[in-house]
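Asks: Sharing a structure below in C-alpha cells format, with a few things to ask.
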Amino acid sequence: MTASVAPFWKRKTLAQLDSQEWESLCDGCGLCCLQKLEDEDDGSVYYTRIACKLLDLDSCRCSDYPNRRTFVPDCIQLTAAQADSFQWLPPTCAYRLLAQGQDLPAWHHLVSGDLAAVHRERISQAGRMLSENSVAEDDWEDYLIFRSG
C-alpha cells in the first residue's frame, strides 16, 4: 500500500508555492477583474458586473494576461506577501481561502479536475458581465452584485 501525498496546497504555505502552483490556484472566476466600489464610510468593497476591459466576458480569463499591466497599470498582481489583505477578494477565491487556513471547495478545478465547474456552479459571472468600455463610470453603482468582506 502506498501512502498518498497531500496536494501541494495542503502541504505548502502560500509563500512556499512556485509560480506554476500559484497561478494554478486561480479558478478562472474573473471576479477579481470586476470593477469594485468602496464605501467611503465603512470601507466595504462592493463588486459590480462591470469587467476590466481585458477580461473575456465568456471565459472569465484575461485576454492579455502577460501584458495586462501595460494596458491596465493598476491591475493588481497578487502575491503571498499580501495574503493578510486578501479580504477584498471574493469569499470563494482560492488565494483568500488558503490564506485563511481553509481548503479549496469541491468545485475548484484542482479538486474536481473540471475547469468549467466554476461556471456551471455560477461562481463566475460568465455571460453576465459588461465591459468597462460599455458603461460610464458614473453608472457603475447601478451594477452592484455583492459586497466582499
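Just so it is clear, none of the values below were taken in a lab; they were calculated from the coordinates. Keep in mind it's a predicted model, so treat the numbers as computed, not measured. We place every Cβ from the backbone using ideal geometry, glycine too, and count neighbours over all the protein chains shown.
Asks: Among V72, V118, what is the fewest-to-most ranking by other Cβ atoms within 10 Å?
Replies: V72, V118
Asks: List the equivalent ellipsoid semi-axes of the range 108-149 in whole Å, largest first, each obtained as the square root of 5λ for an eigenvalue λ of the Cα gyration tensor.
Replies: So the equivalent ellipsoid measures 28, 12, 7 Å along its semi-axes.
Asks: Can you give the % of DSSP beta bridges in the range 8-148 that are antiparallel, to the nearest 5?
Replies: Antiparallel bridges: around 80 percent, rounded to the nearest 5.
Asks: Give me the Å³ per residue figure for the convex hull around the C-alpha atoms of the chain.
Replies: Roughly 128 Å³ of hull volume per residue.
Asks: Also: Take the alpha carbon gyration tensor of the range 79-130, find the square roots of its eigenvalues, order them as a ≥ b ≥ c, and report rounded if a/c is under 1.5; if not, report prolate when a/b exceeds b/c, else oblate.
Replies: Taking the square roots of the gyration eigenvalues as a ≥ b ≥ c, the range 79-130 is oblate.
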